[in-house]
1. Over the chain, what is the mean sequence separation of C-alpha contacts under 8 Å (at least six apart), divided by residue count, expressed as relative contact order in percent?
2. Summarise the accessible area of the chain (1.4 Å probe, protein heavy atoms) by the percent that is carbon and sulfur.
3. Karplus couplings for the range 127-137 from phi (6.51 cos²θ - 1.76 cosθ + 1.60, θ = phi - 60°), rounded to Hz, Gly and Pro as x?
4. Taking the Cβ-Cβ separation of Asn25 and Glu111 as r and a Förster radius of 30 Å, what is the calculated FRET efficiency to the nearest 0.05?
5. If you count only protein heavy atoms with a 1.4 Å probe, what accessible area per residue comes out for the chain, rounded to a whole Å²?
6. A 20 angstrom limit on the alpha carbon distance is what I want to check against. Which of Lys6/Lys115; Lys32/Lys103; Lys32/Lys115; Lys66/Lys171; Lys74/Lys171; Lys32/Lys66 exceed it?
7. Rounded if a/c is under 1.5, else prolate if a/b is larger than b/c, else oblate: which is the range 1-140, with a ≥ b ≥ c the root eigenvalues of its Cα gyration tensor?
8. Please report the spacing between the Cα centers of the range 1-80 and the range 91-114 in Å, no decimals.
Amino acid sequence: MKTGAKLPDVTFHTRVRDEAIEGPNPFRWEDKTTADYFAGKRVILFSLPGAFTPTCSTYQLPGFEKGHADFAAKGVDAIYCMSVNDSFVMNKWAADQGLENVKVIPDGSGEFTRKMGMLVDKDNLGFGMRSWRYAAIVNDGVVEAWFEEPGLMDNCPEDPYGVSSPENLMKHLDEAREPALA
């Protein structure tokens with residue numbers, strides 16, 4: 001994936017709360033497309049190896065959640081966190097993290113991640129197929145800026161983190177708004 005590329009068209013199978021449903025599980029299935037999430041908006045999309053994993057839960061997701069207002073001030077309409085996890089897992093993780101600003105997108109089968117060229121094998125950790133860690137600023141479904149962690153490979157012995165951090169994306173947005181020096 002690179003700057004200027006259009007995001008792949010896929011359908012995400014989500015579970016959404018429905019007040020019309022009674023009982024302990026008031027959710028229903030709702031399919032959402034790439035266009036539903038990205039059309040007509042400037043968003044941050046970040047993807048990570050898995051919900052409830054240490055770096056994702058301690059640094060990356062909380063950093064984007066806490067920085068939401070600062071990103072909005074830089075013209076970002078929404079922040080999405082994606083993982084190759086199903087909607088049940090992503091919704092539980094969002095609740096566990098107390099998310100109010102970042103929205104989660106379940107890529108349960110890894111279709112979007114595969115089409116992005118970011119699906120990697122993490123069998124060395126017992127994970128199976130997962131996303132390589134990356135982030136992007138996406139404007140109306142087109143990648144405006146791309147932030148990929150180094151070393152993309154199957155069964156990577158490391159979990160690099162820094163390039164796709166909220167701090168790095170904010171630095172990029174700050175630099176993009178500074179006037180060019182003559």
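1. Details: 338 pairs, mean separation 47.3, N = 182.
Normalised by residue count, the contact order of the chain is 26 percent.
2. 51 percent
3. Couplings: 8, x, 7, 9, 8, 6, 6, 7, 9, 8, 9 Hz.
4. Values: r = 25 Å, r/R0 = 0.85.
After rounding, the FRET efficiency stands at 0.75.
5. Values: 9140 Å² over 182 residues.
The answer is 50 Å² per residue.
6. Details: Lys6/Lys115 11 Å; Lys32/Lys103 13 Å; Lys32/Lys115 17 Å; Lys66/Lys171 15 Å; Lys74/Lys171 11 Å; Lys32/Lys66 26 Å.
In this structure, Lys32/Lys66 exceed 20 Å between Cα atoms.
7. Working: a/c = 1.27, a/b = 1.09, b/c = 1.16.
Since a/c stays below 1.5, the shape of the range 1-140 is classed as rounded.
8. Using only Cα atoms, the two centres lie 6 Å from each other.
The values are calculated or read from the model by the stated rules, or taken from the named source; none is laboratory data. Here the structure is a predicted model, which is why all the values come from computation and not from measurement. Neighbour counts are summed over all protein chains in view; Cβ atoms, including those assigned to glycine, are modelled from backbone coordinates with ideal geometry. These accessible areas exclude ligands, DNA and RNA; they are computed on the full protein's heavy atoms, side chains included. Shrake-Rupley method; radii C 1.70, N 1.55, O 1.52, S 1.80 Å.
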